[in-house]
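Have a look at the structure below, then the notes.
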Amino acid sequence: MSESAHASATHGQPGHGEGETRRDFLALAATAFAGAGAACALWPFIDSMNPAADTLALSTTDVDISPIAEGMRITVKWRGKPVFIDHRNKEQIDQARSVNLSELPDPAKDEDRAQKAEWLVMVGVCTHLGCIPNGQKQGEPRGDFGGWFCPCHGSHYDTSGRIRRGPAPRNLDVPPYKFTTDTTVSIG
């Protein structure tokens, strides 16, 4: 009898008997079920933070630059913004590189703005209030420095897209871009 009394006394203690194993299993199963339910409930919220498919499609733009003659400028769309691509000639490059950086409101070397000297790629939005500067088409005013001129408030940009005169606080922005081939540039 002492054995059965001892067995029944230890049955309710942790680590002894079958009841504690069932309880551990039920707690573990309930925790796993609650974790899986929480993950399923949170997934739509987390997934909604990812960019939409149409936004991802616009995240990069590949441009064939082979038909752009020296001295020509084109405008392409990237993320709903105009991007200016300028095939600069030697005179424009020399003019941009000869500028004394201390004279610039937003100093930046031309070499840092153009990956290849003859190709300048910039977002074509004035950094003052978001107007589109003139100078992309033949006959449009290019400002006092041969680059771009913002007709809204009179900002003048040089052949490197740097602000030279006017209310714009900084240079025209350079988007992330790379030359994937000698005749293709990928913007974005």
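The values are calculated or read from the model by the stated rules, or taken from the named source; none is laboratory data. Just so you know, these numbers come straight off a predicted model, no measurement behind them. Glycine also receives a Cβ, built like all others from the backbone with ideal geometry; neighbour counts cover every protein chain displayed.
Looking at the stretch 76-95, is at least one residue touching an Asp or Glu at 6+ places or on another chain (Cβ under 9 Å), of a type in the set (A, V, I, L, M, F, W, C) and within 21 Å of residue 183 (Cα to Cα)? Within the stretch 76-95, one or more residues are touching an Asp or Glu at 6+ places or on another chain (Cβ under 9 Å), of a type in the set (A, V, I, L, M, F, W, C) and within 21 Å of residue 183 (Cα to Cα). Among residues belonging to the stretch 71-83 that are of a type outside the set (A, V, I, L, M, F, W, C) and in a strand (DSSP E or B), point out the one that is nearest to the chain's Cα centre (by Cα). The qualifying residue nearest to the chain's Cα centre (by Cα) is 81. Per this entry, residue 169 is not counted among residues that are surrounded by 15 or more Cβ atoms within 10 Å (Cβ to Cβ), in the same structural domain as residue 71 (by TED's automatic domain parsing) and either closer than 22 Å to residue 68 by Cα or of a type outside the set (Gly, Ala, Ser) (or both). Among the residues making up the stretch 24-51, those that are assigned to a helix (DSSP H, G or I), under 27 Å from the mean Cα position of the chain (by Cα) and surrounded by 10 or more Cβ atoms within 10 Å (Cβ to Cβ) are 42, 43. When the residues of the stretch 15-60 are filtered to those that are over 30 Å from residue 83 (Cβ atoms) and of a type in the set (Val, Ile, Thr), the one that is modelled with the highest pLDDT is 31. Whether a residue is out of contact with any strand residue (DSSP E or B) (no Cβ under 8 Å at 6 or more places or on another chain), among the hydrophobic types (A, V, I, L, M, F, W, C), under 22 Å from residue 61 (Cα atoms) and outside any strand (DSSP E or B) was assessed, and residue 126 passes this test.
Per this entry, residue 162 is not counted among residues that are surrounded by fewer than 16 Cβ atoms within 10 Å (Cβ to Cβ) and either farther than 17 Å from residue 72 by Cα or modelled with pLDDT of 95 or more (or both).
Within the stretch 138-165, being farther than 21 Å from residue 109 by Cβ and in contact (Cβ under 8 Å) with a residue 24 or more places away in the chain holds for 150, 152, 153. Filtering the stretch 84-104 to residues that are closer than 12 Å to residue 118 by Cα and assigned to a loop (DSSP other than H, G, I, E, B) leaves 88, 89.
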